[in-house]
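J.: Pasting in a structure now, in structure tokens, and then I'll have a few things to ask.
Every number in this text was worked out from the coordinates using simple rules, so none of it is lab data. Just so you know, these numbers come straight off a predicted model, no measurement behind them. Glycine also receives a Cβ, built like all others from the backbone with ideal geometry; neighbour counts cover every protein chain displayed.
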Amino acid sequence: MRATGFFYALMELLQRCVAVLNKNRRGNFTIPSPRLYPFQWNWDSGFIAMGHLHDKPSLALTELEALFNGQWENGFLPHIVFYHEENYKTYFPSADYWNAKVNAPNPLKTSGITQPPVHGYVLEALFNAGVDKNRLTSLFKKVLRYHNYLYKNREFNNSGLVAIWHNWESGMDNSPWWDAVFDTIRDEDLENIALNRKDVLEVEESSLTRPKNIDYKKYLYLINLLKKQHYLSISSDYPFQIIDPVFNAILIRSNRSLINLGKKLGINTTFIEQKQAIGLNHFNEYLFDDLSNLYFPYNIKQGKQIKIECSGSYLPVFAGIPDKSKVIEMMDKQINQPDTMMFPSCAPYEPGFEKKNYWRGPVWINMNWMIWKGLLDYGLYHKAELLKTQTIDLVKKYGIFEYFPPFKNSDDTKGLGGADFSWTAALIIDMIKN
Ligand code: GLC
């Protein structure tokens, strides 16, 4: 009986997830969440495609094709593609604020920064699902051009590791990881920056759950500096220059998929193979901390790691980077936390932790999903299963939200941030179907 009840609950959750993806579809792409994010987002669409993969693989291709319509002439892939001009007024900063022109597509509008490159990984999963080869090949070439852009424009000191230029490029917007960088921006730099935020109108308890206005001004300050260079380059004194272990682990994981696929499709990937080897050689040197057995971002300007434990500290597991024995140690540390769900975006014992605030504590399903995929690749099935069960339980308990309370004994009854969040739905579909 119990098993049957469990099965029905799971099937019911599956149906609700499918309904969210259907509801959020706008023609050939899917918005991350109604009202809060009314356009197409970069890594969101990669995750969303994973949700379509099982039953509608052709729709997964359509999702990625729509995203790559926003690709720039230099291969850069923006973090937002602003389809549906009628929504410009409902989002800030919108297409006009970004004003991306050089290299950018026209008339389609985009932002001028990017997000973690998960699409190569997704393409390999789509290939394995047997999608149309011509469509897949054409997407493959676009993803390859995007990776080439990253190495040609963002590589740090021939390390095979690439830099991000904005906190939004990490996808983990207000992570405590970025606090030290933002502390270097002076109040007088922010005097002329006007805010017209819409996000705070769309979520409950926004003062506790979203970035603060002062933070937002700093994000825009960086955008304004980048805009002056048409988003193509930075000056050496530009404040935000980070080697993010999350961005780089995802790049390395996707490279591996592209290299595999290249062989199957008969397309040369030598350039990526070379960069991959160099990046793997330097990953631990720059980003691993022996003492804590965790990964941290490297602040290029300060020449040192940012030693704060976040969910991203575990993400290199997705790319198979740490040795298996290290992975076991890392995971046991997290599994043995009596009060915390896996994986809080910031560890509760860190000073920057805030239990409801966005990337400063809550659990995000995409991070759990990537770590879960990594554990499966290591053959750590028991740990993978534990993580999968906890992740599905969170969504069962709190709904298909953007992020989740990190404590086991939380008195919250609902999830946090945007409701009907697409990547939560998509990745739970993938977890259930696996
Ligand atoms: C938030 C998240 C980012 C995501 C976007 C759209 O900004 O931090 O990772 O891509 O919302 O869902």
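J.: Counting alpha carbon pairs within less than 8 Å and at least 6 residues apart, what relative contact order, in whole percent, applies to the chain?
T.: 19 percent.
J.: To continue, here is another question. Take each uninterrupted DSSP H stretch in the chain, measure its Cα extent along the helix axis, and return the ones at 15 Å or beyond whose mean Kyte-Doolittle hydropathy is at least 0.5.
T.: Sorted by number, the helices that extend far enough and score high enough are 2-23, 57-68, 422-433.
J.: Please work out the C-alpha center-to-center distance from region 190-224 to region 83-137 and express it in whole Å.
T.: Each part's Cα centre sits 23 Å from the other's.
J.: Still on this structure, I have one more. Only loop residues by DSSP count here, and only those with at most 16 other Cβ atoms within 10 Å; note down the GluC sites (Glu not before Pro) in region 25-114 that meet that.
T.: Glu73
J.: Name the trypsin sites (Lys or Arg not before Pro) in region 118-198 that are in a loop by DSSP and that have at most 16 other C-beta atoms within 10 Å, would you?
T.: Arg186, Arg197, Lys198
J.: Can you give the log10 of the normalised intensity I(q)/I(0) at q = 0.16, 0.18 Å⁻¹, computed with Debye over equal Cα scatterers of region 214-305?
T.: Cα-only, vacuum Debye calculation for region 214-305: -0.87, -0.97.
J.: Next question, about the same structure. Would you please classify the overall shape of region 177-250 from the alpha carbon gyration tensor, given that a ≥ b ≥ c denote the square roots of the eigenvalues, rounded means a/c under 1.5, and beyond that prolate means a/b larger than b/c while oblate covers the rest?
T.: Oblate is the answer for region 177-250, as a/c is 1.5 or above yet b/c matches or exceeds a/b.
J.: Which of the chymotrypsin sites (Phe, Trp or Tyr not before Pro) found in region 265-369 are in a DSSP loop and have at most 10 neighbouring Cβ atoms, other than their own, within 10 Å?
T.: Answer in residue order: Tyr349.
J.: In this model, which of Lys326/Lys383; Lys198/Lys218; Lys228/Lys304 are farther than 19 Å apart at the alpha-carbon?
T.: Distance filter (> 19 Å) returns Lys228/Lys304.
J.: Where the centre of each part is set by its Cα atoms, how far does region 371-404 sit from region 233-290, in angstrom?
T.: 26 Å
J.: Right, here's the next one. When Rg is the radius of gyration of the Cα atoms in region 1-117 and Rh is its Kirkwood radius, what does Rg/Rh come to?
T.: Reported Rg/Rh (Cα atoms, Kirkwood Rh): 1.08.
J.: Could you list the square roots of 5 times each eigenvalue of the Cα gyration tensor of region 2-312, that is, the equivalent ellipsoid semi-axes, sorted largest first and rounded to whole Å?
T.: Taking √(5λ) for each eigenvalue gives 29, 26, 21 Å, largest first.
J.: To the nearest 500 deg cm²/dmol, what mean residue ellipticity at 222 nm is calculated for the chain from DSSP H runs of n ≥ 4 alone, each contributing -39,500 (n - 2.57), summed and divided by the residues?
T.: -15000 deg cm²/dmol
J.: Would you report the distance distribution of C-alpha pairs in region 343-390 as whole percents per 10 angstrom bin, up to the bin with the largest distance?
T.: The percentages, shortest bin first, are 28, 40, 28, 4.
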